[in-house]
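Remarks on the structure that follows.
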Amino acid sequence: MQKLKLLVPLRRYLQRNGFVSQQRRSFSALPSYTEPGYLQREEVLVEGRANSRAAILNRPSALNALTASMAARLNRLYESWEENSDIGFVMMKGGSNRAFCSGTDVVALYQLLNEGKTEESKAFFQSLYKFVYVLGTYLKPHVAIMDGIVMGGGAGISLPGMFRVVTDRTVFSSPEVQIGFHPDAGASYYLSRLPGYLGEYLALTGEKLNGVEMMACGLATHYSPKEKLPWIEERLGNLITDDRSVIETSLAQYGSLVYPDSRSMLHEIETIDSIFCHDTMEEIIEALETNAAESNNKWYSMVLNKIREASPLSLKVTLQSIREGRFQTLDQCLAREYRTSLKFISKQVSDDFCEGVRARLVDKDFAPKWSLTKLEEVTDDMVASFFSPLGEVEPELNLPVSVREPDV
């Protein structure tokens, strides 16, 4: 009985500080040692403060590339934190010196597909896209500290949130066309909303942006030198608030005003617009070739080379995806991207995804043999098939829109 008397106040203390759930079926931020696999490295760690929680991506050897288990855990954590009235705001950061998140673990997907485990691959996309949607409609302030590499799906799990902090080490890119895929996880939503035709340029070339450039084009909300991140995290950790303006003020306190240097491609935005405003890939290529022949500017040739390395099918699908994204909501973009992703992994039209991953990340011969080698071989019907409804046999992506956005 004496032990019981001691345990009751202890449990109440833990409940007040968010370590023990007061709801039977909610998920705890701590690992469960009653479940199989508890001795394995936890791929998403949790850091708890008095009024906030932080999810820490923890696959440093893989540059925090996203796995199915990571996407599922992020969904569970964020849903439970949103329901917990003791938590005012949420953060996400990478547990690696090199990367915030390098995107989807496409090598793991490649292996699943080669083993015939298509359903497991579909489940990954479902879980990842659901998390992107949850983050984009999150009720509490969210701070993503995007230090280091931010690629593909790594941008998808951070950019839809309220605050996006970048540093002098941040490197962003969407290189999916180089592996025979398409920019997904909400990329057609946020890339299509960049100034002018910058989104098309980034998606079709895989060109990189640094932290300063991300600030300039609106992908980031705050910039801070790497060495100030511990101060920012300490400041945020001491906050007792759910007020976005208080968090905004705290981030601005350690932020820096920055401007792209003279070498930034953002200074070429008018040139980018004049090339990537065209309706088709063929017209974009023609404009690049014409300017390359008439100008001493090596930028045109550099861009041409990047595009020619990509899958012709991926280029055409990606261009249409960005164009459609301009007029769609986040959930509509994710639903369409899900159709496209399933089409790529089904290999019905092309095996470019597996071939691209093989060439660039598995065998590393950097010589992919695309199923269609020329743009003119990619027909309008082929491209349209990547956007068509999945049909009765294959369910569409099921997002909780009616729950999270009842007015939509």
- Note on the structure: With a 32 Å threshold on alpha-carbon distance, the violating pairs from Lys122/Lys364; Lys298/Lys347; Lys140/Lys316; Lys226/Lys306 are Lys298/Lys347; Lys140/Lys316
- Query: Just how much of Glu324 is accessible, in Å², when a 1.4 Å probe is used and the result is rounded to the nearest 10?
  - Reply: 60
- Item | Label-point separation, Ser388 to Glu42 (7 Å along Cα→Cβ), nm | 4.6
- Query: Which loop chymotrypsin sites (Phe, Trp or Tyr not before Pro) in region 262-361, with loop taken from DSSP, have no more than 16 other Cβ atoms within 10 angstrom of their Cβ?
  - Reply: Phe327
- Item | Nitroxide proxy distance, nm - points 7 Å out along Cα→Cβ at Arg404 and Thr329 | 1.1
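Put Ser314, Ser262 in order of accessible area, largest first, 1.4 Å probe: what do you get?
Values: Ser314 0, Ser262 110 Å².
The residues order as Ser262, Ser314, largest area first.
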- Determine the principal axes of the Cα atoms in region 80-122, then give the extent along each, sorted from largest to smallest and rounded to whole angstroms. 45, 29, 10
- Report the label-to-label distance for Lys226 and Glu120 in nanometres (one decimal), using points 7 Å from each Cα along the Cα→Cβ vector. 3.5
- Message: Quick check for you: which residues of region 196-227 have the amide N under 19 Å from the point 7 Å beyond the Cα of Leu361 toward its beta carbon?
- Response: 203-209
- Task: Hey, can you find the accessible area per residue of region 40-390 for me, probe 1.4 Å, expressed in square angstrom?
- Result: 40
- If only Cα atoms are counted, what is the Rg of the chain, and what is its Dmax, in Å? 22.3, 89
- Item | For region 40-390: relative contact order, % (alpha-carbon pairs under 8 angstrom, 6 or more apart) | 17
- Task: Could you tell me what percent of the accessible area of the chain is made up of carbon and sulfur, with a 1.4 Å probe and every protein chain present?
- Result: 51
- Extension gain Cys277-Glu294, at 0.36 nm per residue separation less the Cα-Cα distance, in nm? 4.2 nm
- Note on the structure: Normalised Cα Rg of region 132-216, dividing by 2.2 N^0.38 Å with N its residue count, works out at 1.03
- Note on the structure: Scoring only Lys, Arg, Asp and Glu (+1, +1, -1, -1) among other residues with Cβ under 10 Å from the Cβ of Cys277 yields -4
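Mind checking the full-extension length gain between Glu396 and Arg235? Use 0.36 nm per residue of separation minus the Cα-Cα distance, one decimal, nm. Spell out each step's value before the answer.
On the way: separation 161, 0.36 × 161 = 57.96 nm, distance 4.27 nm.
Net length gain for the segment: 53.7 nm.
Give me the net charge for the shell around Arg244: Cβ to Cβ below 14 angstrom, other residues only, Lys and Arg +1, Asp and Glu -1. Walk me through the numbers on the way to the answer.
Values: positive: Lys140, Arg164; negative: Asp242, Asp243, Glu248.
That sum, taken over residues with Cβ under 14 Å, equals -1.
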- Per-peptide average of other Cβ atoms within 10 Å, ordering 356-364, 125-133, 289-297 highest first: 125-133, 356-364, 289-297
- Message: Tell me the mean residue ellipticity at 222 nm calculated for the chain from its helices only (DSSP H runs of n ≥ 4, each -39500 (n - 2.57), averaged over every residue, nearest 500).
- Response: -13000 deg cm²/dmol
- Query: If Lys and Arg each add +1 and Asp and Glu each add -1, what is the summed charge of the other residues whose beta carbon sits under 15 Å from the beta carbon of Lys140?
  - Reply: -3
- Enter the accessible area of Ile240 (Å², nearest 10), with the probe set to 1.4 Å and all protein chains included. 120
- Item | Positive-end extreme of charge dipole, the chain - chosen from Ile272, Leu375, Ile345 (charges on Cβ) | Ile345
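The values are calculated or read from the model by the stated rules, or taken from the named source; none is laboratory data. Since we're looking at a predicted model, the values are computed, not measured. Backbone-built Cβ (ideal geometry, glycine too); neighbour counts: all protein chains shown. Keep in mind that these areas ignore ligands, DNA and RNA; they rest on the heavy atoms of the full protein, side chains included. Shrake-Rupley method; radii C 1.70, N 1.55, O 1.52, S 1.80 Å.
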